[in-house]
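Visitor: The structure follows.
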4 protein chains.
Amino acid sequence: MANVAIIGATGYGGVELIRLLQNHPEVRLAFLSSESYAGKRISDVYPHLAGVEAVLHKLDPAAVGECDFALLALPAGKSMEVVPKLLQSGTRVVDVGPDFRLRDPGLYPRWYQLDHSQPQLLKEAVLSVPELHRERIKAARLAAAPGCYTTAALLALAPLVADGLIDPADIIADGKTGISGAGRTALKLPYHHPEANEDATAYAVGGHRHMPEMVQELQALTDAEVRVTFTPHLVPMTRGILLTAYLKPLPNVTPDDLRASCERRYANEAFVRVLPDGQWPHTKWTAGTNSCFLGVGWDEASGRAIVVAALDNLGKGMAGQMVQCLNLMLGVDETTALRVPAAYP
Amino acid sequence: MANVAIIGATGYGGVELIRLLQNHPEVRLAFLSSESYAGKRISDVYPHLAGVEAVLHKLDPAAVGECDFALLALPAGKSMEVVPKLLQSGTRVVDVGPDFRLRDPGLYPRWYQLDHSQPQLLKEAVLSVPELHRERIKAARLAAAPGCYTTAALLALAPLVADGLIDPADIIADGKTGISGAGRTALKLPYHHPEANEDATAYAVGGHRHMPEMVQELQALTDAEVRVTFTPHLVPMTRGILLTAYLKPLPNVTPDDLRASCERRYANEAFVRVLPDGQWPHTKWTAGTNSCFLGVGWDEASGRAIVVAALDNLGKGMAGQMVQCLNLMLGVDETTALRVPAAYP
Amino acid sequence: MANVAIIGATGYGGVELIRLLQNHPEVRLAFLSSESYAGKRISDVYPHLAGVEAVLHKLDPAAVGECDFALLALPAGKSMEVVPKLLQSGTRVVDVGPDFRLRDPGLYPRWYQLDHSQPQLLKEAVLSVPELHRERIKAARLAAAPGCYTTAALLALAPLVADGLIDPADIIADGKTGISGAGRTALKLPYHHPEANEDATAYAVGGHRHMPEMVQELQALTDAEVRVTFTPHLVPMTRGILLTAYLKPLPNVTPDDLRASCERRYANEAFVRVLPDGQWPHTKWTAGTNSCFLGVGWDEASGRAIVVAALDNLGKGMAGQMVQCLNLMLGVDETTALRVPAAYP
Amino acid sequence: MANVAIIGATGYGGVELIRLLQNHPEVRLAFLSSESYAGKRISDVYPHLAGVEAVLHKLDPAAVGECDFALLALPAGKSMEVVPKLLQSGTRVVDVGPDFRLRDPGLYPRWYQLDHSQPQLLKEAVLSVPELHRERIKAARLAAAPGCYTTAALLALAPLVADGLIDPADIIADGKTGISGAGRTALKLPYHHPEANEDATAYAVGGHRHMPEMVQELQALTDAEVRVTFTPHLVPMTRGILLTAYLKPLPNVTPDDLRASCERRYANEAFVRVLPDGQWPHTKWTAGTNSCFLGVGWDEASGRAIVVAALDNLGKGMAGQMVQCLNLMLGVDETTALRVPAAYP
């Protein structure tokens, strides 16, 4: 049994981690941190977790450092303060915040308005989508789970870029997210129910922070220049990301080539499924799970390829992926505690 | 490992049973029936169940009769046709349809517009809310899970009626349900998304079929006459039942008496939780689970007691309760395959 | 043309007033106040009001005092500060806040945690549901529009209480509201989209502030004691109130008597419609309008009468009713600027 | 007063037409047709229209032929049967179905699986977006309102294509629609509330019928070849279309050029508003109205321009636009009966 700490346990990512790990046969939840609710029990904050009698603590690096693993779900700039101490204690880290996702420290001032205090750790950190970086994750001390949109985009695009089937400089990714992507503490007007309900809108046009993550990871798969136009949208649902990618196939590439590339890549993956021709993924299929569904198509009139990815922003886009990484680092079956289909409808 | 058949596997109740039983360590899904999709795989109907490679069959009593258990989720009048054959084969049955819920066959013409063809089985059938009928369920050949509203009402009211704390002739139950309660095949205008979304309405006022179930079971707990005014409402969400009961406490009964009665009754129950004073249940806490939360209060100005119950109509109100019954009949830990909190939010 | 001020113009009630009054042929919007957005144009706050080029000001009693009418939508305690000055200037007031709804100043400490600074004005203020208090409103200097739940309850119950058909001491009112009832500035966790969406819950059980309003106004219609058990619920929609009342008919009263009482009372009302037997109101029918639909029924098994009212909490429950009052005070057709059916669906 | 017939009066488009025209000072609703509800009153079908005491009739070309105008909202293939008779009677037609949108009769077999029986009328029919075709609409006998997505796409793209600022062969349009776009009679599983709610999905990928309309009308604005990749998505709301267009600016074109082009084109338009830099449209702003909001932006990293359009699929996307066309054909102020902002929130 590994002792695991969840740092940021009362956010939506944290509570999803608790749900998933509660029944994990190889994990003991040894430490739950929350700055706002320290001293309370998790069930005081989330009464539906009445069976989990854990008490919340302020983040204490010494206590966390006694754990085998720490799962961090913190705002930008917070992980970099604590991760060095944890690594020094021998605690391995899965961080779902942005602090260790970008390899180039020079990107942090622009995208996060902060200077990176631990640039040396950026070299070590492993951007962690298990389907793409499995072996490195197994050995990682510091796994950085990417953003929810990034995960969707990478799963949709990595095979096609890696196989050289599309023009990597002409990628358009249109994302739609449920409102839980805004987190629990962001009590802002756009997420106020009467405002968000029955509304659709674009945001962060031309400047969403997940774009440089997408480019960084896709660029690692090709020598040609990668450029991604990414526009996220809020749609009125709680969970789910749907990402529709518009791609320019390279000459002589056929629709079958695209599908074959995706199918080949994910043939042995437990959590990614390529749908048959003509079927398109629904976010509802993924709610509460670590799964991602991909649809692959072709617009004859314009010659564009279209790939659609659906996942749960709190599942494969966050907590599910963290548990999958943890499983790899633990050396147990990668699907442990994740083999549950969506509750439908 | 028990061989279990699910009859009506492609309805919302059926697919929830598949989800729950898929990871049940003592159960093998041996037979899935669907009249509309026979010959297809379950994943053709529900692509998110891609991992469950089961094929759907038309209901074949002989094949089902070889199973140890049959879980039935069929429309009114259908279970009574097949249950006798199953029992004869030695197959034990958990039926979530209405055919074996009412002990008085004379009620079927009025409430279901049909004559009961197996009145003798009504005597044997066990109306099955494990918290109320545990021992009888363990031994049952034929367990009849009550309606979703009935389950909420019984869990909210049984302690107070049994302990003689309220006037059983003056019970008002106001229910609110998500739209999945209408099932998957009922493609009717009131459940069309643009109609149901952003709307609240009452229905079946003065005549909902779950009312006689409530009365029958509460009447078994008291010599005084039981009368329940029950009004269900549709509210625009997928899952969840919230039932608010307005009660007249008997003379000298205090708010503490009511709370104590509920707490005592459910102290050792895994799935029913009585909230502390001043806290009220949310249906969201129960989504996808077998849990039920109860809030107990008092309206000083009018002297009425108020009990609010929240559960998932497809969970404790349907498939979850069926699995709980199955566990009792199997003789395994009652919480097997049900120890999972809600995915929140 | 009357000069009209809207005080609290950027709340949901204020913006609904602007929408309704914009096309009112007898009204000029002369002053819009907003404490948070003073100096901005209304279209800076609500871009969809791009055609309304009004500038927002801090509340300036002198400026408002030059208007013929002031429509106030302010939090508790704020109206009582400014209304005396407005009345002194000869400005007539329609206030939708709670400051002038309760006739007994002694109720304010308990229900609003404040001492009333203008108790003498409580005698003059007219609790204003036009269908019940039309003549007094016409002559009023200070009209106090009741709460949204109160309006629904009064329209549903006033005929039956006034006609002596039900026991006024045994009234149960179960309310369901959309989230816009929480207002725009209340950025609290329960109204955060991921929390409120897909959830139903009770709140303020045994202690909602609209209850004493209901009792006060119903008590004015009967010598017998009035007692109302009122429980409000949040359901996941933006607009709409559905109120289900459970009533004890007096001896020898028939279902037809109840229906006849309601039909008689509202026969000549433009905004209240009694549905035919067996039909029940939908909140969707009222969205964006000043209408209220009533369903009247009877639960034979228990002998309870059931009346269901549907209205829009921001329409007949707030801004619509204010405009209806303004029309009465102006002496114009009561339906001016309100003759628009709901946008359906 | 013009006599106006609404053909298909009980669909969502028809009922929206009734709402809008009810208060139109120059229009008398002379004939309402409904095949399913002939003989009933409109208020039997839509109780919220209780004030509109019109009776529904089966479509009778002779009776409609006595009207000055007929507004048609019929399924594909139905308008072409009746329009010739109406035109012969001197009745002018606004048709929102697809029968007269495409100028090339050869497109009907492919996109609608039917042969066009009135190809000669396709030459006369005017594809009618008032902002683009105002003068022709004024004189038209047969105005064909385009599809809801088409309207959004044309309003977003026409200025940029006409001004030669973008490559018309490289247009990507990602559409998101509320479920009311499916209509009222399409009681299909994807629109069943429990399925559509809390889900996002793509549909008709590479083959939606509105694409050839977009291409036809944009092609009329440029000599260069137009190609549009259009992918529609269902998102869980009732009303609203959000269309995000990804465009390749031609060499030396600046962001300011794009914005200036849109602003210039719509400077004097009542219903189209170009938002300031950095602001993006919300569908909620348009609910129940004839307005369209445009946001214009630029993705620096990729050099793509992005234009987002929001409108109400039943408003500017359907009934609102039909009324705007009718106003033009009537020769009255184009905004008559349409000057109402959205009910917010």
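The values are calculated or read from the model by the stated rules, or taken from the named source; none is laboratory data. Owing to the predicted nature of the structure, the values given are computational and were not obtained by experimental measurement. Glycine also receives a Cβ, built like all others from the backbone with ideal geometry; neighbour counts cover every protein chain displayed. SASA here: full protein model, heavy atoms, side chains in, ligands and nucleic acids out. Shrake-Rupley method; radii C 1.70, N 1.55, O 1.52, S 1.80 Å.
Visitor: Taking θ as phi - 60°, what are the ³J(HN,Hα) couplings along segment B:197-206 by the Karplus curve (6.51, -1.76, 1.60), each to the nearest whole Hz, with x for Gly and Pro?
Guide: Those phi angles translate into 5, 6, 9, 10, 7, 8, 8, 6, 5, x Hz.
Visitor: May I pose another question? Work out the FRET efficiency for B:A63 and B:A139 from their Cβ-Cβ distance, taking R0 = 25 Å, and round it to the nearest 0.05.
Guide: Details: r = 26 Å, r/R0 = 1.03.
Step by step, r from the Cβ atoms, then E = 0.45.
Visitor: Note down the nm distance, to one decimal, between modelled labels 7 Å out along Cα→Cβ at C:Q219 and at B:A76.
Guide: Spacing of the two 7 Å Cα→Cβ label points: 4.6 nm.
Visitor: At 1.4 Å probe size, with no ligands or nucleic acids counted, give the accessible surface of C:R339 in Å², nearest ten.
Guide: C:R339 has an accessible surface of roughly 130 Å² with all protein chains in place.
Visitor: Now a separate question. Need one value for A:175-182: mean number of C-beta atoms belonging to other chains within 10 Å of its residues' C-beta atoms.
Guide: On the way: counts 1, 9, 1, 9, 6, 7, 1, 3.
Mean shielding count: 5.
Visitor: Once the whole set of protein chains is in place, how much accessible area is left on B:F293, using a 1.4 Å probe, in Å² to the nearest 10?
Guide: 10 Å²
Visitor: How large is the Kirkwood hydrodynamic radius of segment B:225-286, counting all unique pairs of alpha carbons, in Å? Let's see the in-between values first.
Guide: On the way: mean 1/r = 0.0694 Å⁻¹.
Averaging 1/r across every pair of different Cα atoms and inverting gives 14.4 Å.
Visitor: If you put +1 on each Lys and Arg Cβ and -1 on each Asp and Glu Cβ, how big is the dipole of chain A around its Cα centre, in Debye rounded to 20?
Guide: Numbers: 31 positive and 37 negative charges, 136 e Å.
My answer is approximately 660 debye.
Visitor: Okay, next question. Just need log10 I(q)/I(0) for segment A:149-312 at q = 0.12, 0.16, 0.19 Å⁻¹, Debye formula, equal scatterers on the alpha-carbon atoms, no solvent, rounded to two decimals.
Guide: -0.52, -0.90, -1.21
Visitor: Is the C-alpha gyration tensor of segment A:62-204 telling us rounded, prolate or oblate? Criteria: a/c under 1.5 is rounded; beyond that, a/b larger than b/c is prolate, otherwise oblate. Numbers along the way, then the final one.
Guide: Working: a/c = 1.91, a/b = 1.21, b/c = 1.57.
Oblate.
Visitor: Something else now. Once you average over the residues of A:290-301, how many Cβ atoms of partner chains fall within 10 Å of each Cβ? It would help to have the intermediate numbers written out before the result.
Guide: Working: counts 0, 3, 0, 3, 0, 3, 1, 5, 2, 11, 2, 9.
Other-chain Cβ atoms within 10 Å of each residue's Cβ, averaged: 3.
Visitor: Going by a 1.4 Å probe on protein heavy atoms, which residues of segment B:197-229 end up with at least 20 Å² less accessible surface in the whole assembly than in their chain alone?
Guide: B:N197, B:E198, B:D199, B:A200, B:T201, B:A202, B:V205, B:G206, B:M211, B:R227, B:T229
Visitor: Right, here's the next one. Among rounded, prolate and oblate, which fits segment B:178-246 when a ≥ b ≥ c are the square roots of the eigenvalues of its C-alpha gyration tensor, a/c under 1.5 means rounded, and a/b larger than b/c means prolate? Can you show the working numbers first?
Guide: Values: a/c = 2.80, a/b = 2.45, b/c = 1.14.
Prolate shape, in that a/c is at least 1.5 and a/b is the bigger ratio.
Visitor: Another question, if that's okay. With all protein chains present and a 1.4 Å probe, how do D:K123, A:K284, B:K138 order by accessible area, largest first?
Guide: D:K123, B:K138, A:K284
Visitor: Could you list which residues have their amide H under 5 Å from that of B:L56, counting only those 5 or more apart in sequence or on another chain, with H placed in the peptide plane?
Guide: The answer is B:G39, B:K40, B:R41, B:I42.
Visitor: Now for a different question. If you roll a 1.4 angstrom probe over the protein chains with everything in place, what fraction of the accessible area of segment D:149-312 belongs to carbon and sulfur, to the nearest %? Write down the numbers at each step before the final one.
Guide: Details: 2210 of 4690 Å².
Taking all protein chains in place, segment D:149-312 shows 47 percent carbon and sulfur surface.
Visitor: Something else about it: As I understand it, the dipole of segment C:149-312 uses +1 on the Cβ of Lys and Arg and -1 on the Cβ of Asp and Glu, about the Cα centre. Which of C:L189, C:A301, C:G240 lies farthest toward its positive end?
Guide: C:L189
Visitor: Put C:L155, B:L59 in order of accessible area, largest first, 1.4 Å probe: what do you get? Please list the in-between numbers first.
Guide: Values: C:L155 0, B:L59 50 Å².
Heavy-atom accessible area, descending, gives B:L59, C:L155.
Visitor: Okay, moving on. Hey, what's segment A:149-312 come to in accessible area per residue, 1.4 Å probe, Å²?
Guide: Numbers: 4690 Å² over 164 residues.
Ligands and nucleic acids excluded, the figure is 29 Å² per residue.
Visitor: Let me ask you something else. Can you tell me how segment D:126-205 classifies by the Cα gyration tensor, rounded, prolate or oblate, using a/c under 1.5 as the rounded cut? Numbers along the way, then the final one.
Guide: Details: a/c = 3.76, a/b = 1.54, b/c = 2.44.
Judged from the Cα gyration tensor, segment D:126-205 comes out oblate (a/c at least 1.5, b/c at or above a/b).
Visitor: How large is the accessible surface of C:L234 in square angstrom, using a 1.4 angstrom probe and rounding to the nearest 10?
Guide: Ignoring ligands and nucleic acids, C:L234 comes out at about 30 Å².
Visitor: Let me ask you something else. Determine the dipole magnitude for segment D:149-312: charges of +1 sit on the beta-carbon of Lys and Arg, -1 on that of Asp and Glu, nothing else is charged, the reference point is the Cα centre, and the result goes in debye to the nearest 20.
Guide: Working: 13 positive and 19 negative charges, 110 e Å.
The calculated dipole for segment D:149-312 is roughly 520 debye.
Visitor: To the nearest 0.05, how large is the calculated FRET efficiency for D:A38 and C:A301 if R₀ is 41 Å and r is the Cβ-Cβ distance? Working shown, then result.
Guide: Working: r = 39 Å, r/R0 = 0.95.
Computed FRET efficiency for D:A38 and C:A301 comes out at 0.55.
Visitor: Hey, another quick one. Helix by helix through chain D, keep the DSSP H runs that span 20 Å or more along the axis on Cα and average at least 0.0 on Kyte-Doolittle, and give those back in order.
Guide: Numbers: long enough: D:148-162 (21 Å, 1.77).
Membrane-span-like by this rule: D:148-162.
Visitor: Give the interface area between chains A and D as buried accessible surface, both sides summed, probe 1.4 Å, in Å² to the nearest 100. Let's see the in-between values first.
Guide: Numbers: alone 14840 and 14840 Å², together 25910 Å².
Result for this pair: about 3800 Å² buried.
Visitor: If I model a spin label at A:K85 and D:Q113 as a point 7 Å from the Cα along the Cα→Cβ vector, what separation in nanometres do I get?
Guide: According to this spin-label approximation, the distance is 6.7 nm.
Visitor: Moving to a separate point now. Running Debye on the protein assembly as shown with equal point scatterers at the Cα sites and no solvent, what base-10 log of I(q)/I(0) appears at q = 0.08, 0.09 Å⁻¹?
Guide: Ignoring solvent entirely, the Cα scatterers give -1.03, -1.32.
Visitor: Using only the Cα atoms of segment A:1-131, what do you get for the radius of gyration and for Dmax, in Å?
Guide: 15.0, 45
Visitor: Next up: How many angstrom lie between the Cα centre of segment D:47-77 and the Cα centre of segment D:130-201?
Guide: Segment D:47-77 and segment D:130-201 have Cα centres separated by 24 Å.
Visitor: Here is a follow-up. Suppose we look only past 17 Å in the calculated P(r) of segment B:251-302. What percent of the Cα-Cα pairs does that tail hold?
Guide: Values: 558 of 1326 pairs.
More than 17 Å apart: 42 percent of the Cα pairs in segment B:251-302.
Visitor: Can you list residues from other chains, or at least 5 along the same chain, whose modelled amide H is less than 5 Å from the amide H of D:L127?
Guide: D:A144
Visitor: Go ahead and run the numbers for FRET between A:M1 and B:N268, Cβ-Cβ distance against an R0 of 41 Å, rounding to 0.05.
Guide: Details: r = 27 Å, r/R0 = 0.67.
So the FRET efficiency works out to roughly 0.90.
Visitor: Of all the C-alpha pairs in chain B, what % are more than 35 Å from each other?
Guide: Numbers: 11211 of 59340 pairs.
Tail of the P(r) past 35 Å holds 19 percent of the pairs.
Visitor: Rank these by accessible area, largest first, 1.4 Å probe: D:D68, C:D312. Numbers along the way, then the final one.
Guide: Details: D:D68 65, C:D312 0 Å².
Descending order: D:D68, C:D312.
Visitor: Pop out the ³J(HN,Hα) list for segment B:331-345 in order, Karplus 6.51 cos²θ - 1.76 cosθ + 1.60 with θ = phi - 60°, rounded to Hz; leave Gly and Pro as x.
Guide: Working through the residues one at a time gives x, 9, 3, 4, 9, 3, 6, 10, 8, 10, x, 5, 6, 10, x Hz.
Visitor: Averaged per residue, what accessible area in Å² does segment D:24-63 show with a 1.4 Å probe, protein chains only? Before the final figure, lay out the partial values.
Guide: Details: 1860 Å² over 40 residues.
In whole numbers, segment D:24-63 has 47 Å² accessible per residue.
Visitor: Let me ask something else. Report the Cα centroid-to-centroid distance between segment C:232-304 and segment B:100-118 in angstrom, as an integer.
Guide: 32 Å
Visitor: How large is the dipole of segment D:176-259 about the Cα centre if only Lys and Arg carry +1 and Asp and Glu carry -1, each at its Cβ, rounded to the nearest 20 debye?
Guide: On the way: 8 positive and 9 negative charges, 54 e Å.
For this selection, approximately 260 debye.
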